[in-house]
1. For GLN364 and LEU112 in the same chain, what is the full-extension length gain: residue separation times 0.36 nm, less their Cα-Cα distance, in nm?
2. Any idea how far the Cα center of region 1-65 sits from the one of region 357-385, in Å?
3. For helix 437-446, what angle does its Cα long axis make with the longest principal axis of the chain, in degrees from 0 to 90 and rounded to 10?
4. Sort out for me the Cα centre separation of region 107-156 from region 193-219, rounded to whole Å.
5. Provide the gained length on full extension for the span ALA387 to TYR315, in nm with one decimal, where the gain is 0.36 nm per separating residue minus the Cα-Cα distance.
6. Helix 360-374: angle to the longest alpha-carbon principal axis of the chain, degrees 0 to 90, nearest 10?
7. Sequence gap at least 6, Cα distance under 8 Å: using those rules, report the relative contact order of region 420-500 to the nearest whole percent.
8. In region 353-418, what GluC sites (Glu not before Pro) fall in a loop by DSSP, with at most 11 other Cβ atoms inside 10 Å?
Amino acid sequence: MTSKTQRLKLRRVAIDTYLENVAYLHRDCAIYRAEGFQALAKVEVKSDKRSILAVLNVVDDETIVRPDEIGLSEQAFTQMSLKAGSLADIFHAEPPSSMEAVRRKLRGERLLYEDYREIMRDIAGNRYSKIEMAAFLVTSGQTGLDRDEVLHMAKAMAETGEQVRWEEALVADKHCIGGIPGNRTSMLVVPIVAAHGLLIPKTSSRAITSPAGTADTMEVLARVNLKPDELRRIVRRHRGCLAWGGTARLAPADDILISVERPLGMDSMGLMVASILSKKMAAGSTHLIIDIPVGPTAKVRHMQDALSLRKLFEYVGDRIGPHLEVVISDGRQPIGRGIGPALEARDVMQVLRNDPDAPTDLRQKALRLAGRVIEFDPDVRGGEGYAIARDILESGRAAAKMKDIMAAQGKRPPAELGKLSFEVHAERKGRVVAIDNYLLARIARMAGAPMDKGAGVDLLKKIGDKVVKGETLYRVHAEFAPDMRFARELCEGDSGYSIGEAAAEQPYSFSL
C-alpha cells in the first residue's frame, strides 16, 4: 500500500471520456515506477472518504499532469467529489470477479441470473474497461442469449440503479425497437396521452446505430438530462416527460454498455430486448406498447423474425411486470421527412401544430400508437382510442401539453440546420419504388447526426411519388466540410432510392 508521504494531489483533467473513468499519471511519477503500473491497467484511486476505479493513461507532458499529481477525467473527478489539490492514493485494482462468468460465456456456456447480476453490478461500478465490456457484448451477440438469459439480464440491468415507483395503477409507455429513420412517434404519443390524463413518463436512450434517438431529438427542443427528483416533479405536474434515462440513473449499466455498442455498431435482438425492458422496469411502467417495424431494409426484415421477437418481448415482459402489447408496423421506408435531430424535431412540431405541410405518415402512425395506449384506460372502449387521440391533436391540447413539458424541462432555442448542404437527384424518370432505410441512416450519420443536431437528411420524395430525371430526391445537411464530403461520397455510390415504373406491392400485413 502506498504510504501517506507518497500521496498524490488530485488534478482535474478537462477531458470528456464518456462514461469511462480515466486516471492520468506522469511517466516520471515515483509511485508509477515503484508500483509497476502499466498504461490501460485498472487502478483504484482512493482518498480518506472516496474511491473510484479507473483506466490508467500515462502521459509525458507536465502541463497535463505533474509527477506529484494524479489526473482524473471529467467523469472520474466528478465521482470523487473532492477539490483539486486534495490528496489521494493509487492502487492496483483487483479484476472484477464477474469476468469469470464472461469467460464462461465466451466458451458458449449459458449464464444464470446470479452471473448477470454480478456482471451488471461490476459494469455499473466502473469495474470493467471498454475492452472487457466489448468482449461481453460480442460474445452475447454472437453466441446468442436464450430467452431466460434475456430475462436475467433485463432484471439485473434494472436493479443496478434507481427504480421509480409512481404509486398509480396505470403508468403507460411506448417504445419502438428502431431501425427506421425519422419515426419520431414517441414525441407525439407522450403529449397526446398526457393530455388525455394518463401518466406517461417517457425515458429514452440516445441513438446507438441510428442518426437520432428520442432523447437526441427532444434535446433540440428542451433539456433532457433530468435528475430523478426533477423527473418525478415534472411528471406529477404534467403527467408526462421526454427525458434521457442516463441522468435519471435508470438501469445505468445499460447506458454504459450502449456507449460501447455505439462504436461497434452492435444491436443484437437479445441485448436489445433486455435493454428496453430493463429501462421500462426501472421507470415503473405498468402498461407498454412495443412497435416493431418490418421492411426489406429495416432492423427486422422478415415477418417471421418479427413474430419471434414479439414472443421474446412477451415472454420477458410477462415475467418482469408490465402489461405488454406488441404491434408490427410498416418499415419499408423512413417515417416523416427528416432524418437527424433538428429535422425530426421540425416534423414533430409541424404535426403538433396541425400544419398542412406536416408529414402525413408520421401523423397517422403516432395517432394509431397513441390510440392503442389510450385504450389501456379502463374507461375507454376498444377501438375508441384513435378517435380520442385525433381529437386531442386537432384541438391543440397536445401542442399545449408539449409546450408545458418543454417549459418544465427547460426549453431551448430552435436549432439551426447545418450550414452546408447538397442535393441528390433522380437519375431517371418514374416512381419511387423503394428507399433503403439503412443507407439513408448511414448518410445522415456520415453528415454528423446525432452529435451535430442540425445534420441529417431532408426527404423530398417517398415511395409511390412520381419523379422526373434530375428532380431532387433529398437534401443533406452538415455542419462541417469533412462530414459533408463523407456523406456526399456515400451518396455517389448509391442514392438509396430505387426508381421504377410502379410502386412495389406492400409485402406484409401489419397489425398497427
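What follows is calculated from the coordinates using simple rules that are stated; it is not laboratory data. Keep in mind it's a predicted model, so treat the numbers as computed, not measured. For neighbour counting, all protein chains shown are included, and Cβ atoms are generated from backbone atoms with ideal geometry for every residue, glycine included.
1. 86.4 nm
2. With region 1-65 and region 357-385 each reduced to a Cα centre, they are spaced 54 Å.
3. Approximately 50 degrees, to the nearest ten.
4. Centre-to-centre distance over Cα atoms comes out at 26 Å.
5. On the way: separation 72, 0.36 × 72 = 25.92 nm, distance 3.11 nm.
Additional length available on full extension: 22.8 nm.
6. Around 70 degrees separate the two axes.
7. Reported as a whole number, the value is 48 percent.
8. Sites meeting the loop and neighbour criteria: GLU416.
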